[in-house]
Amino acid sequence: MTDFRSDNSCPPSPELLDALAPVLRQGHSPYAADEITKRVEGRFCEVFDRDLRFFPLFSGTAANALALTQLAPRFAEVICHRDSHINLDECGAVEFQSGARLLPIGARDGRISPDDLPPLHDSQDPHRMRPAVLSLSQCTELGTAYRAADIRALTGPARAAGLGVHMDGTRFANALATTGSTPADLSWRAGVDILCLGATKSGAPGAEAVLIFNPDQAAGFDRLMKRAGHLASRLWFLSAQIEAWLENDLWLRLAAHSNAMASQLAGLMRTAGHSPLYPVEANMLFFAASAGQSEALNQAGFAHYLIARSDGQTAIRLVTSHATTGADIERLAAVLPGILGQSDKVSQTAAAI
């Protein structure tokens, strides 16, 4: 079975593991008070071209929930896309940690547009929550990417109304690879206050980074981590992963490869007469398909997810990774058009065999 379910499913980058091995033979100070974490924070300051605070965390869910807790005051609404991970896939973690309420909006290709934004000013009505944070996903859950101008068009009115801005950057490296922008231009220069930068989906065994671009806004974040059970003793193990991930631009090379594999598959599928449902701007592709066609693809040896779309239809989601090879893509492209070309009746019959 060749696994296209997620970039969580592939093994870590061998290059990263080789760099990590010597670090694991030594002890380091606990609770992020170690030299590795300090070095990584300095490296992030260079990469993003400003002073910032770095906090290592085990999971993207924890990173998002705690970052939004840091930004959200009492009675807060967090504006997010309806397909966002914090809305659909994190089991209410933001509400649990912060006491805020999510306000999901938007319907197009995973991105929020300025026209989608609700009223941003506090109504002063004690019966209503108050808009307090705008959350953006980069890349989006549909594999699309915000350009710097897109982000500024959203953060401008949000910041003018006094909102904080959070970015779920679990595939931020993929967005850098596809847009050619600098890390600064896609984050704090575009109005982002806190970036949750994902390394796990891009080659690390399991490590996430919370980057708070204004150090004054970072006060108490370590206490949030402790109260939530995420101020672990060996946080240096996470920082060591991120240090190796950043070294020699490995993070960007891994993301560029996964994007290239998705682009290769998209090109082969278009040639076969099957265009992806959404622009392929990262490492995810979606094709309209029934449950029967999905099962036929599984039987052909390609693991994937079947996704329910907002229009009530279903689609197969295919995700490439740093470990995907050109041969993997060619094998998939050899069988996928035939499966998608089957009628629903034929595919259901195949699924029953």
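The values are calculated or read from the model by the stated rules, or taken from the named source; none is laboratory data. This is a predicted model, so every value here is computed, not measured. Don't worry about glycine lacking a Cβ; one is built from the backbone with ideal geometry, like all the others, and counts go over all protein chains shown. What goes into the accessible areas is simple: the full protein's heavy atoms, side chains included, and nothing from ligands, DNA or RNA. Shrake-Rupley method; radii C 1.70, N 1.55, O 1.52, S 1.80 Å.
Given the conditions (1) among the hydrophobic types (A, V, I, L, M, F, W, C); (2) within 23 Å of SER202 (Cα to Cα); (3) assigned to a helix (DSSP H, G or I), report the number of the one that LEU318 does not fulfil.
Just one mismatch for LEU318, condition (3).
Residues that are over 21 Å from the mean Cα position of the chain (by Cα), at pLDDT 95 or above and open to solvent by 50 Å² or more (accessible area, probe 1.4 Å): does segment 135-158 have at least one?
Yes, segment 135-158 has at least one match.
What is the residue count in segment 280-308 for residues that are closer than 29 Å to ALA177 by Cα, out of contact with any strand residue (DSSP E or B) (no Cβ under 7 Å at 6 or more places or on another chain) and open to solvent by less than 10 Å² (accessible area, probe 1.4 Å)?
Count: 1.
Among the residues of segment 159-172, which ones are in contact with a Gly (Cβ under 8 Å, 6 or more places away or on another chain) and crowded, with 22+ Cβ neighbours inside 10 Å?
Selection gives VAL165, ASP168, GLY169, THR170, ARG171, PHE172.
If the requirement is being among the aliphatic types (A, V, I, L, M) and under 23 Å from SER13 (Cα atoms), which of these qualifies: ALA204, ALA158, ALA153?
ALA204
Mind checking which residues of segment 267-279 are closer than 20 Å to ALA145 by Cα and either out of contact with any strand residue (DSSP E or B) (no Cβ under 6 Å at 6 or more places or on another chain) or among the acidic types (Asp, Glu) (or both)?
Correct list: GLY267, SER275, PRO279.
Scan segment 1-21 for residues that are in contact with a strand residue (DSSP E or B) (Cβ under 6 Å, 6 or more places away or on another chain) and acidic (Asp, Glu) and report the count.
Final tally of qualifying residues: 2.
Go through (1) farther than 15 Å from VAL210 by Cβ; (2) modelled with pLDDT under 95 one by one and return the number of the condition SER6 breaks.
Going through (1) farther than 15 Å from VAL210 by Cβ; (2) modelled with pLDDT under 95 one by one, SER6 breaks only (2).
Scan segment 1-36 residue by residue and report those that are within 22 Å of the chain's Cα centre (by Cα) and of a type in the set (S, T, N, Q).
Once the filter is applied, which keeps residues that are within 22 Å of the chain's Cα centre (by Cα) and of a type in the set (S, T, N, Q), segment 1-36 yields SER6, ASN8, SER9, SER13.
Just to be sure, is GLY198 touching a strand residue (DSSP E or B) at 6+ places or on another chain (Cβ under 8 Å) and small (Gly, Ala, Ser)?
The answer is yes for GLY198.
Which condition does LEU20 not pass, out of (1) over 25 Å from THR182 (Cα atoms); (2) modelled with pLDDT of 95 or more, if it passes all the others?
(2)
Would you confirm whether any residue within segment 175-184 is of a type in the set (Gly, Ala, Ser), free of Cβ contacts under 8 Å to residues at least 24 places away in the same chain, surrounded by fewer than 24 Cβ atoms within 10 Å (Cβ to Cβ) and not in a helix (DSSP H, G or I)?
Scanning segment 175-184 turns up at least one residue that is of a type in the set (Gly, Ala, Ser), free of Cβ contacts under 8 Å to residues at least 24 places away in the same chain, surrounded by fewer than 24 Cβ atoms within 10 Å (Cβ to Cβ) and not in a helix (DSSP H, G or I).
Hey, does segment 234-241 have a residue that's assigned to a helix (DSSP H, G or I) and open to solvent by 10 Å² or more (accessible area, probe 1.4 Å)?
Yes; the residues of segment 234-241 include at least one that is assigned to a helix (DSSP H, G or I) and open to solvent by 10 Å² or more (accessible area, probe 1.4 Å).
Please go through (1) open to solvent by less than 50 Å² (accessible area, probe 1.4 Å); (2) part of a helix (DSSP H, G or I); (3) not aliphatic (A, V, I, L, M) for SER263 and return the number of the only condition it doesn't satisfy.
In the conditions (1) open to solvent by less than 50 Å² (accessible area, probe 1.4 Å); (2) part of a helix (DSSP H, G or I); (3) not aliphatic (A, V, I, L, M), SER263 misses (1) alone.
Step by step: first the residues of segment 24-65, then only those that are in contact with a Phe, Trp or Tyr (Cβ under 8 Å, 6 or more places away or on another chain) and of a type in the set (Val, Ile, Thr), then the one that is nearest to ASP185 (Cα to Cα). Which residue is that?
Per the stated criteria, the residue is VAL40.
Of the residues that sit in segment 307-319 and are over 20 Å from ARG331 (Cβ atoms) and of a type outside the set (Asp, Glu), which one is nearest to the chain's Cα centre (by Cα)?
ILE307
Return the only residue of PRO126, PRO119 being farther than 22 Å from SER187 by Cβ, without any contact (Cβ under 8 Å) to a residue 12 or more places away in the chain and not in a helix (DSSP H, G or I).
Result: PRO126 is the single residue among PRO126, PRO119 that is farther than 22 Å from SER187 by Cβ, without any contact (Cβ under 8 Å) to a residue 12 or more places away in the chain and not in a helix (DSSP H, G or I).
VAL94: under 23 Å from TRP188 (Cβ atoms) and outside any helix (DSSP H, G or I), yes or no?
Against the criterion (under 23 Å from TRP188 (Cβ atoms) and outside any helix (DSSP H, G or I)), VAL94 does not qualify.
Within segment 212-231, can one find any residue that is outside any helix (DSSP H, G or I) and open to solvent by less than 10 Å² (accessible area, probe 1.4 Å)?
yes
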